[in-house]
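A short worksheet on the structure shown next.
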Amino acid sequence: MSDPYLTEIGWTGSALRLAGRLEHRGTPRLELLLRERGGEAVVRVPATARTDGPHVAFEARIDVAAVAGGAPLPGGVWDAGLSVDSADAVPLARAPGLDASPQRGFLDGGTTVAAYISPLGTLAIDVGGRTHPAGSVRADGLRWDERTEHVEVSGRLDVAGLATPISATLHLRERRGRAYEVICMLDDRPEGLHYTAVLPVTRTFIDEPLPRGTWEVWLRLGFSGMHRELRVLAPAEPVDVRVWRRLWHVRIASTAAPDPLTITVGRA
């Protein structure tokens, strides 16, 4: 493995300790760089090095509570890389066998910080746990349940090599700013993590049914102190039904592949 790779990741208080190795002749000058994802900020952290045969062992300590000029690392996602002899930073991968589960810490005031291995296999740090976009996922099925008068949305997530989400919700956003959310059921199967959400559109015992409007559909996933959001893409077969709701008929219709999934509740 020629690129730098991590052999240890762990928290001591508010400090994230990293240890790793890289192939290099002699003892290089090392510096850890944290780059703000989606922004321009860069935070530099000293790293120490010692030769170990044909390899160099390195260590770095990131005090998230005071790393940015004595101030806490700002909220957001930060990608970590290692600069060798002042060259451009190389992303930090993990050694085979190193636990890829998110490592969670806390700052004063309860702010969550999570060090995790990104889908690209490199180290990133999430400060604050805010919801961040993470691409899209296609729904495998969209079904009208005539007995319960619910719309069922189901699909599969490929989480190979990633931490398994511990929670999932289907988040619908209406174009005028309203939001509607239902909890997804998760089922870990050999072929991937399956999710299923049920949207009440005519009646419900607990919450109001999905209001009238045109609703964009998103899948929100919760990990260890982190939240990611994927735009749900429509399956091949749409839903298009007319049902009685309260005092009049309404039409429930959806988009079909290849478009993003949108569900409309309106007059029949």
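For the reader, a short list of remarks on this structure follows.
- Number of the condition not met by residue 258 [criteria: (1) within 21 Å of residue 131 (Cβ to Cβ); (2) not in a strand (DSSP E or B)]: (1)
- Test: residue 108 is out of contact with any strand residue (DSSP E or B) (no Cβ under 7 Å at 6 or more places or on another chain), of a type in the set (Asp, Glu) and either surrounded by fewer than 19 Cβ atoms within 10 Å (Cβ to Cβ) or part of a loop (DSSP other than H, G, I, E, B) (or both): yes
- Scope the range 122-135; condition of a type in the set (Gly, Ala, Ser) and surrounded by 14 or more Cβ atoms within 10 Å (Cβ to Cβ); matching residues: 124, 128, 129, 134
- Any hit, the range 40-48, residues being in a loop (DSSP other than H, G, I, E, B), among the aliphatic types (A, V, I, L, M), surrounded by fewer than 18 Cβ atoms within 10 Å (Cβ to Cβ) and at pLDDT below 90: no
- Test: residue 77 is more than 19 Å from residue 226 (Cβ to Cβ), touching a His at 6+ places or on another chain (Cβ under 7 Å) and either assigned to a strand (DSSP E or B) or without any contact (Cβ under 8 Å) to a residue 12 or more places away in the chain (or both): no
- Test: residue in the range 85-100 that is loosely packed, with under 14 Cβ neighbours inside 10 Å, outside the structural domain of residue 223 (by TED's automatic domain parsing) and of a type in the set (S, T, N, Q): yes
- Where residue 50 falls short, out of the listed (1) in contact (Cβ under 8 Å) with a residue 24 or more places away in the chain; (2) more than 25 Å from the chain's Cα centre (by Cα): (1)
- Residue 65 being modelled with pLDDT under 95, of a type in the set (Gly, Ala, Ser) and assigned to a loop (DSSP other than H, G, I, E, B): yes
The values are calculated or read from the model by the stated rules, or taken from the named source; none is laboratory data. All values derive from a computational prediction rather than experimental measurement. Counting neighbours? That spans all protein chains shown, and the Cβs are built from the backbone with ideal geometry, glycine included.
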